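Here is the structure we will look at.
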Amino acid sequence: MTGAIPEARSHSARAARPEHRYRVLFVSRKLPFADGGGNGAYANDLLQWLVARGAAVDCLLLTELDDSTIPPLWSIPQKGMSGIRVINPGAFRVGDRYLHPWRFVRRKPDPARAVRTTAPSVAAERVAVKQAVSRGKYDAILMNYLWLAPACAGHGVTTLALTHDVWSDRAAGAEYVYTADEEAALLNSADHVLAISPYDATRFEQMGVSKPVHVLYKALAAAPPEDSSPPSARCLFVGSGYGPNAEGLAWFLEKVWPIVLEELPSAHLDVCGAVCGSVKEAPLNVHLHGRVADLGEFYHRAAVAIVPLLRGTGLKIKLVEAVSYRKPVVSTSIGLQGIEQLIGHGVDRADAARDFATNVLRHLSDPASAGREGLLARREAERFLSSDTAYAPVWEIMSTSAK
């Protein structure tokens, strides 16, 4: 067994199993939906990459028995979940649906037992992981976020903590606040720590994480078909309801957008995602679309994407997404953390409002040039953000563990 990464195979080719098929148990409190926000897309992309390379992936979905947010009978969306087997403790599988019979008789959650999404793991979750491991011969347990590390440790299987970001640095507005010492202690109970950017990896080491820390970027999505029609004078911001997204958008609308409109009255801004809920009244030429089923049409007609974040950690997946669509990006320094090598390759850095507006206007005023810069950004990013490069550390860890 070697650590070489096998070539991606077609669906028919995957039917022929290799001599040793890696088995991965993904442990999470939420399903890793492809369209479930940046973090969900990141986890889903990694799991689909593993499946495409012949790994068997099981998803252990941890939900409290009295969690009334899930209906008694629910279905797993097919988008992005192909090839992933879902294990939901206490549920009965009926075809492609999962049945929780007790929820027909008790629909109100018990606050004393409810597990908040970001709170430390509880004994019941550790039992669920132990039972899953006893039934499957796994090469690795991949946990979704640091708080599940104690539940996943001590089962005789190599554990990898998918961190997404530095939680103690983003405590403001979080459901559960972790100190740096608490975060380090949780991560040290895993065998390997997966940081989404070099910046996060450095922070983990600074706070006392002694286990191996690997940088695991979010990979580029497959390039969409090229379209010969030029984009219009529109810019695009995509964001969840996460606090820094709302703060960054508010700064852009107050400080940057008036400058843009003064110079180019025909400019428009499209805003997609739950972040729209933070805007009480949309300024002139600002269009709030909320959650949308397909971002492709918005990226297609945009000349430039913006990432006006003022705080936050982790790799900004919205920036990677924009580059995947061959769009130039204007971002603050915070938005570029961990991916600074793209600066000057179709990606502009601007922290002052006037500088940010100047760069946005340059792209809006010359869509043809913006298109060329978007291609440049995509080509540069492909050097280190292809799936086989970005996710290689996980395969290498499993190959070592399986020996």
Looking at Glu254, Glu297, which is the one that is modelled with pLDDT of 95 or more, farther than 19 Å from Gly38 by Cβ and assigned to a helix (DSSP H, G or I)? Glu254
Say we look at region 327-369 and pick out the residues that are touching a Gly at 6+ places or on another chain (Cβ under 9 Å) and of a type in the set (Gly, Ala, Ser); which of these is modelled with the highest pLDDT? Gly346
Among the helices (runs of 4 or more DSSP H) contained in region 116-217, which hold 1 or more residues that are under 24 Å from Asn88 (Cβ atoms) and of a type in the set (Val, Ile, Thr)? 123-135
In the list Ala246, Ala195, which residue meets the criterion of being in contact with a Ser or Thr (Cβ under 8 Å, 6 or more places away or on another chain) and either closer than 16 Å to Pro393 by Cβ or of a type in the set (Phe, Trp, Tyr) (or both)? Ala195
Name every residue in region 311-349 that is surrounded by fewer than 17 Cβ atoms within 10 Å (Cβ to Cβ) and in a helix (DSSP H, G or I), in order of residue number. Glu340, Gln341
Single residue of Ala267, Ala293 found to be assigned by TED's automatic domain parsing to the domain that holds Leu342 and closer than 25 Å to Asp366 by Cα: Ala267
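The values are calculated or read from the model by the stated rules, or taken from the named source; none is laboratory data. Note that the coordinates shown come from a computational prediction; the quantities given were computed from them, not determined experimentally. Counting neighbours? That spans all protein chains shown, and the Cβs are built from the backbone with ideal geometry, glycine included.
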